[in-house]
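Participant: Can you read through this structure? Questions will come right after.
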Amino acid sequence: MLQRKFDQVVKKYFPNAMDAKDTSIHYLGKMQNDHKIDVSKVLMATSVCSDDINVPSTTFFNVLFGPFIMGGLGGLPFAGQTGMTAFAHHIPDEGSAFIFYGPHIGLTLEGDLGKMYRPRQEETGNSCGALMLALSRLKDDNYKPILNENDYQQMKLEESLLPHRKQILDSDHPQKAITEATYEIIDKKVHEYIKTCKDEFHVEKVALLGGIIINTDYGLDDYFDTRNFEIIDVKNL
Ligand SMILES: [Zn+2]
């Protein structure tokens, strides 16, 4: 019942979103059936936010090896080219790679974007905390992130978002807009690292599934709004 109500709220903002279980079944099936990828020999990497709330949505029923964790705050692939290289070297022989990536956003039954009820907490909290913090700072015209080794990921995330500042703040739903902008940043970086590290892969196929994770209430499935599903032939990049 609650899941059905949530379904309506989620689809209002993300009409194409599917719940996390359906997403896993759908894309594992596609890899296996449409692209002849043997899912028993797939190593997964993730580039999603460090937030504990995302762990259950990124298991893919534990049928894949991994995950190799590339992501940090906001979901940016902070492990960089060295991380992509290491991941490429760990793929099973005659296997394939799968990279699941994207930012996340909480949503309450009342339709509040960027918020969620976390396990065993009475009040709503921010989700994604890093992105909502960045949003509050970007609202100040004079704000400039200063790179600092003790808060490197947050500062770097905010720096990457600066070019999108106007579009985010002008939006009717800035919480959604900052999440969309972060998706674009992650998507671009993941593609860039695959390209620069293409010679490190000893397999042909790298499957990508990118989109936005939508966190719902505790006990209910998260949703996933797919923005990109593609199979890259790394030998022909
Ligand atoms: Zn987060």
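Laboratory data are not the source of any read-out in this text; all were calculated from the coordinates shown. Just so it is clear, the structure is predicted and the values come from calculations on it, not from any experiment. Please note: Cβ atoms are built from the backbone with ideal geometry, for glycine as well, and neighbour counts cover all protein chains shown.
Participant: Report, by residue number, each residue of the stretch 143-175 that is of a type in the set (A, V, I, L, M, F, W, C) and assigned to a helix (DSSP H, G or I).
Facilitator: Taking the stretch 143-175 first, the residues of a type in the set (A, V, I, L, M, F, W, C) are 146-147, 155, 157, 161-162, 168-169.
Within the stretch 143-175, 155, 157, 161, 162, 168, 169 qualify.
Participant: Follow-up. Kindly check whether there is at least one residue in the stretch 126-142 that is closer than 23 Å to residue 195 by Cβ and more than 10 Å from the ligand (Cβ to nearest atom). Please lay out each step first, then the result.
Facilitator: From the stretch 126-142, those closer than 23 Å to residue 195 by Cβ are none; that's our starting set.
No, every residue in the stretch 126-142 fails to be closer than 23 Å to residue 195 by Cβ and more than 10 Å from the ligand (Cβ to nearest atom).
Participant: Further question: Which of the numbered conditions does residue 111 fail, given that it passes all the others? Conditions: (1) touching a His at 6+ places or on another chain (Cβ under 9 Å); (2) among the small types (Gly, Ala, Ser); (3) more than 16 Å from the ligand (Cβ to nearest atom).
Facilitator: Going through the list (1) touching a His at 6+ places or on another chain (Cβ under 9 Å); (2) among the small types (Gly, Ala, Ser); (3) more than 16 Å from the ligand (Cβ to nearest atom), residue 111 breaks only (1).
Participant: Moving to a separate point now. Determine whether the stretch 114-131 contains at least one residue that is assigned to a helix (DSSP H, G or I), out of contact with any helix residue (DSSP H, G or I) (no Cβ under 9 Å at 6 or more places or on another chain), crowded, with 17+ Cβ neighbours inside 10 Å and of a type outside the set (Ser, Thr, Tyr). Lay out the reasoning, then the answer.
Facilitator: Here is the first cut: in the stretch 114-131, the ones assigned to a helix (DSSP H, G or I) are 129-131.
If we keep only those that are out of contact with any helix residue (DSSP H, G or I) (no Cβ under 9 Å at 6 or more places or on another chain) too, we end up with none.
No, every residue in the stretch 114-131 fails to be assigned to a helix (DSSP H, G or I), out of contact with any helix residue (DSSP H, G or I) (no Cβ under 9 Å at 6 or more places or on another chain), crowded, with 17+ Cβ neighbours inside 10 Å and of a type outside the set (Ser, Thr, Tyr).
Participant: Suppose the filter is within 20 Å of the chain's Cα centre (by Cα), within 13 Å of the ligand (Cβ to nearest atom) and aliphatic (A, V, I, L, M); does residue 73 pass it?
Facilitator: Working: within 20 Å of the chain's Cα centre (by Cα): yes; within 13 Å of the ligand (Cβ to nearest atom): yes; aliphatic (A, V, I, L, M): yes.
Answer is yes for this residue.
Participant: So which residues in the stretch 40-68 are surrounded by 18 or more Cβ atoms within 10 Å (Cβ to Cβ) and β-branched (Val, Ile, Thr)?
Facilitator: Within the stretch 40-68, 42, 46, 48, 53, 58 meet the criteria.
Participant: Here's another thing I want to ask about it. Out of the stretch 5-56, which residues are in contact (Cβ under 8 Å) with a residue 12 or more places away in the chain, more than 16 Å from the ligand (Cβ to nearest atom), farther than 12 Å from residue 214 by Cβ and assigned to a loop (DSSP other than H, G, I, E, B)?
Facilitator: 35, 37, 38
Participant: Filter the stretch 1-27 down to the residues that are under 15 Å from residue 113 (Cβ atoms) and among the hydroxyl-bearing types (Ser, Thr, Tyr) and list them by number.
Facilitator: Within the stretch 1-27, just 13 meets the criteria.
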